[in-house]
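Inspection log for the structure reproduced underneath, given as structure tokens.
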Amino acid sequence: MIVSILIFAVLATVAVAAAVMMLAARNPVRSALFLVVTFVCLAGLYLMLSAPLLAMVQILVYAGAIMVLFLFVLMFFFEPGAEVHPRSVLKGQHAAAGVLVIVLFFLIVFALSSFSITSFSGRLPAQGGRVAAMRGPGAPPPQGFQGGSPFDVRVNPVPNRTQGVAGEQINPLLVGREMFNSHLLAFELTSLLLLAAIIGVVVLVRLDKAEPKTFIDEEEAE
Amino acid sequence: MTVLPLSAYTTLATLLFVIGVTGVLIKRNPLIIFMSIELMLNSGNLLLVAFSRYLGYIDGQIYAFFVITVAAAEVAVGLAIIVSVFKRRRRVDVDDINIMRW
């Protein structure tokens with residue numbers, strides 16, 4: 001109990017601190033590494049939320065693939081310290097951004113605080129009375145919620161959405177089954193999106209044979 | 001057993017999102033801006049997973065997978081744009097992206 005609160009506090013603090021440091025760091029490579037720290041903390045939070053598959057994917061894809069891509073670009077194209085061009089910083093940009101961001105924070109907190117889980121229970125399907133079961137004192141504890149450890153891999157079985165999930169406690173199995181049953185179209189569309197992204201990247205960074213390799217900027221040429 | 005209130009996760013996600021917005025507003029290096037966007041997407045993911053857990057529906061986790069995929073595609077295309085801008089200008093500042101004007 002107290003352990004999971006403690007783990008959450010540590011992970012949340014480190015995540016927020018690393019995110020702030022990402023903005024504060026002068027060197028963009030350091031920013032990228034701080035962002036990796038944030039992502040790893042978020043993976044830990046996913047574990048606490050009993051989403052182990054997502055936690056692994058978070059580390060593999062975000063920390064492993066996306067941030068490596070960032071670091072590649074940074075190390076190929078940027079010299080540290082040379083990329084800062086402080087020309088044309090709008091007057092009062094930082095102050096205005098700070099004010100707006102604080103307003104935004106309280107706006108989101110307010111919007112989310114007016115929301116409570118119980119307000120959903122009326123909208124859930126009748127079989128999905130899991131929420132009511134979670135809240136109701138006399139109701140039997142729903143399966144999948146009894147795990148004492150914050151790191152239990154068991155996830156709440158999807159209520160009545162797929163047949164035969166009652167005995168299954170393994171999250172990746174459940175995720176895969178749900179993804180390929182209810183979200184198959186979205187999954188296939190995602191593959192199309194990735195294909196489009198690959199083609200777009202190849203077209204964008206292709207070396208144009210008509211141009212010389214070091215292309216002189218039009219403005220400087222004039 | 002979920003001992004933490006949902007508001008703990010929503011507050012954390014809000015904080016991370018707001019930090020990401022700050023980065024987009026004040027930073028001039030497009031790579032840092034991209035990282036801030038990634039941070040915002042991640043805070044959205046955290047919210048999805050938290051709601052999925054607390055409502056007892058696994059769909060939120062599935063949406064988070066899709067968000068990760070879209071983020072990967074977005075980063076690939078965005079970095080390609082930054083690289084091609086760099087090849088023309090030899091430096092990258094957000095103001096240099098105005099060469100994408102039609």
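Values quoted throughout were computed directly from the atomic coordinates according to the rules given, and no laboratory measurement underlies them. As the structure is a computational prediction, the values presented were derived from the model and not from experiment. Every residue, glycine among them, receives a Cβ derived from its backbone with ideal geometry; neighbour counts consider all protein chains shown.
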* Take each of the peptides A:105-114, B:31-40, B:82-91, average the number of other beta-carbon atoms within 10 Å over its residues, and list them starting from the highest. => B:31-40, B:82-91, A:105-114
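What average number of partner chain Cβ atoms lie no more than 10 Å from the Cβ of the residues making up B:80-88?
Values: counts 9, 4, 4, 7, 6, 2, 5, 8, 6.
The shielding value for this peptide is 6.
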* Asked: Okay, which of the stretch B:4-36 sit inside 20 Å, backbone N to the point 7 Å along the Cα-Cβ direction of A:Ala17?
  -> B:9, B:11-20
* Structure fact -> Relative to chain B, whose Cα atoms define the longest principal axis, helix B:6-26 and its Cα axis are tilted in degrees, nearest 10, by 10 degrees
* To do: With r as the distance between the Cβ atoms of B:Arg90 and A:Ile198 and R0 = 30 Å, compute the FRET efficiency 1/(1 + (r/R0)^6) and round to 0.05.
  => 0.65
* If you line up the long axis of helix B:30-55 against the longest principal axis of chain B, both from Cα atoms, how many degrees apart are they, to the nearest 10? -> 10 degrees
* Peptide B:37-49 - average C-beta neighbours from other chains (10 Å radius) -> 5
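Given a Förster distance of 45 Å, report the FRET efficiency between A:Val103 and B:Ile99 from their Cβ-Cβ distance, rounded to the nearest 0.05.
According to the calculation, E is roughly 0.85.
Peptide A:187-197: average number of partner chain Cβ atoms within 10 Å per residue?
On the way: counts 4, 0, 1, 7, 1, 0, 6, 5, 1, 2, 10.
The mean count of partner-chain Cβ atoms within 10 Å per residue comes to 3.
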* Structure fact -> A:Ala96 and B:Leu25 label points (each 7 Å along its Cα→Cβ direction) are spaced in nm at 1.0 nm
* 0 to 90° range, to nearest 10: angle between helix B:59-89 axis and chain B longest Cα axis -> 10 degrees
